[in-house]
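This report refers to the structure that appears directly beneath it.
The values are calculated or read from the model by the stated rules, or taken from the named source; none is laboratory data. The structure displayed is predicted, hence computed values, not measured ones. Cβ placement follows ideal geometry from the backbone for every residue including glycine, while neighbour counts extend to all protein chains displayed. SASA here: full protein model, heavy atoms, side chains in, ligands and nucleic acids out. Shrake-Rupley method; radii C 1.70, N 1.55, O 1.52, S 1.80 Å.
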Amino acid sequence: MSDDRVEMSFHLNGARREARLRPMARLSETLRDEFGYTSVKVGCDAGDCGACTVLLDGRQVCACLVPTARMDGAMVVSADGLAANGFLSRVQEAFLRHGAVQCGACIPGMLSAATEIAAAHAHPTRQQVRDGLGGVLCRCTGYQNIVDAVMDAGRDPDPWETPIGGAVGARLPRTDGVAKVDGSAIFGADGIPGDALWLRAVRSPHMAAKISIGDLAPLHERHPGLVKVLTAADIPGNKCYGIYPDLKDQPVFALDQVRFRGEAVLALVGERAALDAIPDDEVPITYAVLAPIVGLDAALETGARQIHEDKPDNILIAAALRRGEGDPSNCAHAASGDWRTSYVEHAYIEPEAGYAQRRGDRLEIHVTTQTPYMDRDEVALIMDLASEYVHIVPTVCGGGFGGKLDQSVQPMLALAAWLLDRPVACVFHRPESMMVTTKRHPARISARFGCDVDGRLCAAVMTADFDTGAYASWGPTVAGRVPVHGGGPYYWPNVAIDARAIFSNGPSCGAFRGFGVPQVALAHEALMDDLAARVGMDALEFRHLNALRAGNRTATGQLLAASAGLDQCLDALRPHWQAAQNQVRRHNAGGPIRRLGVGLGCMWYGCGNTGLSNPSQIRVTLSAAGRVTLYNGAVDIGQGSYTIMRQICADALGIGVDQIEQVTGDTDLTPDAGKTSASRQTYVTGRATELAGLDLRRQILRLANAEENAAITLTAGTLVVGETEVTLSRLEADGNGAVLVGNGVFDPPATALDANGQGEPYGTYAFAAQMALVEVDMELGTTKVIKIIAAHDVGKAINPTLVEGQIHGGIAQGLGLALMEEYLPGKTDNLHDYLIPTVGDMPEIEVILVEDPDPNGPQGAKGVGEPGLVPTAPAILAAIKSATGVGMHRVPATPDRLRAGILAREAAQ
Amino acid sequence: MASYLRPTELSHALSALADGNLTVIAGATDYYPAQVGRHDPHDILDISAIEALSKITHDDDHWRIGAMATWRDVIEADLPACFDGLKAAAVQVGGAQIQNTATVAGNLCNASPAADAVPPLLSLDARVVLEAKSGVRERPLGEFIQGNRRTALETGQLLTAIKVPRALEGGRSGFIKLGARSYLVISIVMVAGLVVLDESGLVRQINLSIGACSEVAQRLPALEADLLGKPLDQQLSAGIVAPRHFAQLRPLDDHRGTAAYRLDACETLTKRLLAELAA
Ligand SMILES: Cc1cc2nc3c(=O)[nH]c(=O)nc-3n(C[C@H](O)[C@H](O)[C@H](O)COP(=O)(O)OP(=O)(O)OC[C@H]3O[C@@H](n4cnc5c(N)ncnc54)[C@H](O)[C@@H]3O)c2cc1C
Ligand code: FES
Ligand code: FES
């Protein structure tokens, strides 16, 4: 690309500017690197995600596809320039008001597109809004709140009201919302120091090969800007990492072989331009290619090459659950089937990014992550340092969904920065992100369910194999969750479930919203429909009859003491279900080409780690100046933990949300609140926050000798408790300036599972039932989801807007799983070929919140991060079957697969 | 070091092209995605500042879509009904940002088998104007695109305009795209058509094209012949369309759809398009 700079003059974010710029640099690069407008996000550099959307002469364009030269004489506005004189634009305000923002990575692009729409139409129609936003992907929100915001952007903003004492349950705007709409939020790639060196991994193009690295001296000679080549030999500590202490099997850099396409062999560190100029094939790596093991059949074949020396038969883990002796074959009615699912990619809009810096004998890593404490400990092991010597500073995280629970850039950056004593940065490009990071496990599931003549479930048998790919990652978790959840949210006297995770030379599969449960839900829900049909019962009533309720024992033998609201979710759906069935019947009467169908999906989901301790700690302090600070380590990856913890804390203390300042996820500053996964933060860290708030409140009351429900009023430097004034400056402050410190720790009650999978694996369970209405084009096999009604038992909605947002986003991902998402290594390593839903694919979503409180959750709350996704695909597949008669046993149900099913059914009739 | 040129005059562009091996960029929406994760600098000729290329105009005989006319320009231009198919294609290309920057001419030059401009323009009997320092040539679109990513563009030539005969202005046209999602999607199959009826309502001319089912989008001469002289009536034309009309297509089996599915969809979409044109 041309490096000769050219003089240009232009209007940029309201100012007239002149500058000498590189004409062929992407405009996104120029806006970020030359002008510091980091609101311009880079999600793909290929026009596919729209995160870089800016306005060029008032028209939305992908800045990654525009040569900088086109700025000359033009006017450019990015999200950084939308606010004027310190006031947010109406569009920005509307985004905050409608809860349109989650992780925020897509938001600057969305705002640019929305601004173009608002300029063209004072009162846009929904279709106009969709057309205007169609080129910007969002992986978090399901788009509904964004569309609502754009439609409502003409309205003047109302002043916010923050209720005292009623923070929990209020639809408060996000704590981090303003920074995410004005573009100032710093994501993984946004805060990289100007003097940083860059790092690029050189990765295997082969799925399996023995490797050797040749003489690196000639490479250094040819490329003086190359500062260091890092290999496994440079690593002082553990050469491999992994989630489980006994399963650290994934090398930072390949040792003697590579086990998947994209595995890092070494890393180049140097000046950015110098690295760009080194083609991979100049790097002296020799690959002796091995025949790769692709897919479950190849991995399980007798005599198959063993991928890991210590893992015979390529089995990573096998887990079983046995309860009762009953067999579905002996039941009055039985139904069975087999299902297959594909690799699914997280496709967060922000690729992995960060930088590391050595500070004396400590390492500091700024990184986009879901799990700063695990990052700290893992990096410490790799670097052979004590944990205290590693400081993780999580940046704003542009989406995770489980994909940022593993190491990506962290170990490589730590090593480079440590050895070179310079800041070192790394940003994955989209194909790298897709090729290298974990996926949802492809699964093969066989199941047989039986019930008695009255429709009561008797016995379930299921076997589920998961292709876990090259390294263990979170594979064992899948095997842990699947037996517990495989029978679905129903009462089963007899259950036999076997789940295995199998190694292959595919990409490593790890955590992805639901850890295997979305896959098995396809099976349990399809079988529930089949059994209902055999018994002659309505599909909803059949589920209602069998729903797990408080007082039941689960398949693991756990007594559900409270908070099992599936029956209430189904009650809430019933009128919609009946109306939709009538609508479908009427519409389909004449045998039209576009048929309607309606289906149900139910789920339950254990919040927190399976059968393991997973505590969270929270600290709340009061300073002599009368300031309350919440030290919140529950990293907000868009789901809203920085907002709801303040809400919980405010009510526990009895003060206003505004009065709570917050220090967020930083391993030096905040106590360990565990990882943001497993739908645990609201429930586990939320409870710890409530306890910390109550602890501080107790101490305050004691100071004033006040009664339990005394009002606490805080003003600068004074604290009034009831009628008593307490002068805080008289109290002794600790090193952080705190005069009082409230602590909270919560570890959900859970016990390990025994050999038969019996025990109490989770402290609480979320429940949900969703209904999907779809239209299928019988001739083309295309499916349009028209409406989804989602009834979720969340215990207590701490912030209903955020809860609904989680459900909307889960539904979008569930829709993708059902209809379009299939990662094919080497074929769909980009967002052009790997399709995730756009704004045009999303149905109207109606969320019904059921609140059956959990006695341990903060004010009764449970998790909702993953539950939104689990029932969606089963509901859509059921609706497809209702429309077409075709039961799809393979997802995604792409148009060609569904059409083949329709043709096969017609031929059979 | 790679060079960059952005002339404002066509003649400068043509001279530069004659002198060196330059990579032309128009909207650059096909150019940049191909550079991800690569470092291979090109000498660039950016034609975006050439005013003369940006217009959609007509003379007595032809409509002319300039090489810098974007999909948005097509959507916003006041064009006769025979361009409805091209407009329908335009609003379905990528998302709004791509429509705002990508050019119709670039879509032809890029010569993807799934290029959405090709079927509607084949149906419009479009010709491309190829200019070089040494002179101007015209070619029918069907000859210009020669294969997957292969065109008849010679060194030194620039595609300066797409020409459509005004004789077709009285025709009705349509376009149907089948993709696996809405927005930002590459066609699994697309069909385009243009029909001109005589006074008694019989088909005088019908041009049908299918894309994404062969290396280069194709017209359907056998089907066109079978429809000629018939009334354009929904039932009748649907009854005529048969698998043999698509026998020349060689669709791919890929992650967007199986070959069998594509062929099956061709027939369905063609029937639907005819119904749309008859309505
Ligand atoms: C996110 C995304 C979505 C897309 N969606 C679609 C879609 O739905 N349908 C579709 O068909 N395409 C789609 N495309 C492809 C692309 O946008 C189109 O092909 C576009 O019309 C190309 O025009 P351009 O001006 O950007 O071409 P450029 O990238 O500038 O050029 C494309 C090629 O043509 C050559 N070229 C361009 N103009 C001339 C000229 N005048 N003379 C000689 N050579 C020339 C260039 O050298 C280059 O090889 C999409 C692309 C992206 C990134
Ligand atoms: S970064 Fe430009 S579209 Fe994705
Ligand atoms: S909020 Fe849209 S991608 Fe996260």
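Among the residues of region A:39-60, the ones that are more than 13 Å from ligand 2 (Cβ to nearest atom) and in a loop (DSSP other than H, G, I, E, B) come to 2 in all. With respect to (1) open to solvent by 10 Å² or more (accessible area, probe 1.4 Å); (2) among the small types (Gly, Ala, Ser); (3) closer than 26 Å to A:Ile349 by Cβ, the lone exception for A:Ser9 is condition (3).
When B:Val129, B:Val164, B:Val136 are checked against the criterion of being crowded, with 23+ Cβ neighbours inside 10 Å and either touching a Leu at 6+ places or on another chain (Cβ under 8 Å) or without any contact (Cβ under 8 Å) to a residue 12 or more places away in the chain (or both), B:Val164 stands alone in meeting it.
For region B:172-183, the count of residues that are within 14 Å of another protein chain (Cβ to nearest Cβ), at pLDDT 95 or above, buried (at least 24 other Cβ atoms within 10 Å of the Cβ) and within 16 Å of ligand 2 (Cβ to nearest atom) is nonzero.
Yes or no: A:Ala334 in contact with a helix residue (DSSP H, G or I) (Cβ under 6 Å, 6 or more places away or on another chain), within 30 Å of A:Arg440 (Cβ to Cβ) and either open to solvent by 10 Å² or more (accessible area, probe 1.4 Å) or assigned to a loop (DSSP other than H, G, I, E, B) (or both)? Criteria met by A:Ala334. Note on region B:56-75: residues that are out of contact with any strand residue (DSSP E or B) (no Cβ under 8 Å at 6 or more places or on another chain) and within 11 Å of another protein chain (Cβ to nearest Cβ) total 1. Checking the structure you have, find out if any residue of region A:64-76 is among the hydroxyl-bearing types (Ser, Thr, Tyr) and touching a helix residue (DSSP H, G or I) at 6+ places or on another chain (Cβ under 7 Å). Yes, the conditions are met somewhere in region A:64-76. Scanning region A:14-31 for residues that are within 26 Å of A:Leu133 (Cα to Cα) and surrounded by fewer than 22 Cβ atoms within 10 Å (Cβ to Cβ), we see that the one that is nearest to the chain's Cα centre (by Cα) is A:Glu29. Of all residues in region B:239-260, those satisfying the criterion of being assigned to a helix (DSSP H, G or I), open to solvent by less than 40 Å² (accessible area, probe 1.4 Å) and under 27 Å from B:Ala278 (Cβ atoms) are B:Ile240, B:His245, B:Phe246.
For region A:734-744, residues that are in contact with a strand residue (DSSP E or B) (Cβ under 9 Å, 6 or more places away or on another chain) and surrounded by fewer than 16 Cβ atoms within 10 Å (Cβ to Cβ) total 3.
Let's see how each residue does on (1) open to solvent by less than 50 Å² (accessible area, probe 1.4 Å); (2) closer than 21 Å to A:Met820 by Cβ:
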position: A:Ile786; (1), (2): no, yes
position: A:Ile798; (1), (2): yes, no
position: A:Glu804; (1), (2): yes, no
position: A:Ile807; (1), (2): yes, yes
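Does A:Ser39 qualify as being touching a residue at least 12 places away in the same chain (Cβ under 8 Å) and either more than 16 Å from ligand 1 (Cβ to nearest atom) or among the aromatic types (Phe, Trp, Tyr) (or both)? When the stated conditions are applied, A:Ser39 passes them. Given the structure, is A:Asp234 open to solvent by 10 Å² or more (accessible area, probe 1.4 Å) and in contact (Cβ under 8 Å) with a residue 60 or more places away in the chain? Taking the combined requirement at face value, the residue satisfies it. In region A:775-815, which residue that is among the hydroxyl-bearing types (Ser, Thr, Tyr) and assigned to a strand (DSSP E or B) is nearest to the other protein chains (Cβ to nearest Cβ)? It comes out as A:Thr782. Consider region A:16-32 and keep the residues that are closer than 18 Å to B:His39 by Cα and either in the same structural domain as A:Tyr834 (by TED's automatic domain parsing) or assigned to a helix (DSSP H, G or I) (or both). The one that is farthest from ligand 1 (Cβ to nearest atom) is A:Thr30. When the criteria are applied in full, A:Ser78 fails the requirement of being within 16 Å of ligand 1 (Cβ to nearest atom), of a type outside the set (Asp, Glu), over 26 Å from A:Gly814 (Cα atoms) and open to solvent by less than 60 Å² (accessible area, probe 1.4 Å). Counting only residues that are among the small types (Gly, Ala, Ser) and away from ligand 3 (no atom under 16 Å from the Cβ), which one in region A:348-377 is farthest from the other protein chains (Cβ to nearest Cβ)? Among those that are among the small types (Gly, Ala, Ser) and away from ligand 3 (no atom under 16 Å from the Cβ), it is A:Gly360. Here is the figure for region A:85-105: residues that are out of contact with any Gly (no Cβ under 7 Å at 6 or more places or on another chain) and either within 16 Å of ligand 2 (Cβ to nearest atom) or not basic (Lys, Arg) (or both) total 12.
Counting only strands (runs of 3 or more DSSP E) that fall entirely inside region B:1-96 and contain at least 3 residues that are at pLDDT 95 or above and over 21 Å from the mean Cα position of the chain (by Cα), the qualifying elements are B:44-46. Restricting attention to region A:39-59, the residues that are away from ligand 3 (no atom under 16 Å from the Cβ) and touching a strand residue (DSSP E or B) at 6+ places or on another chain (Cβ under 8 Å) add up to 7. Just name the residue that is farthest from the chain's Cα centre (by Cα) out of those in region A:203-228 that are of a type in the set (A, V, I, L, M, F, W, C) and surrounded by fewer than 19 Cβ atoms within 10 Å (Cβ to Cβ). Ranking the candidates gives A:Ala217 first. Applying the condition of being more than 22 Å from A:Asp45 (Cα to Cα) and aliphatic (A, V, I, L, M) to region A:816-848 and asking which residue is farthest from the other protein chains (Cβ to nearest Cβ) yields A:Ile848.
Among all residues of region A:147-166, there is none that is away from ligand 2 (no atom under 16 Å from the Cβ) and in contact with a strand residue (DSSP E or B) (Cβ under 9 Å, 6 or more places away or on another chain).
Of the numbered conditions (1) facing chain A (nearest Cβ under 8 Å); (2) surrounded by fewer than 17 Cβ atoms within 10 Å (Cβ to Cβ), B:Ala28 fails exactly one; give the number of that condition. Among (1) facing chain A (nearest Cβ under 8 Å); (2) surrounded by fewer than 17 Cβ atoms within 10 Å (Cβ to Cβ), B:Ala28 violates only (2).
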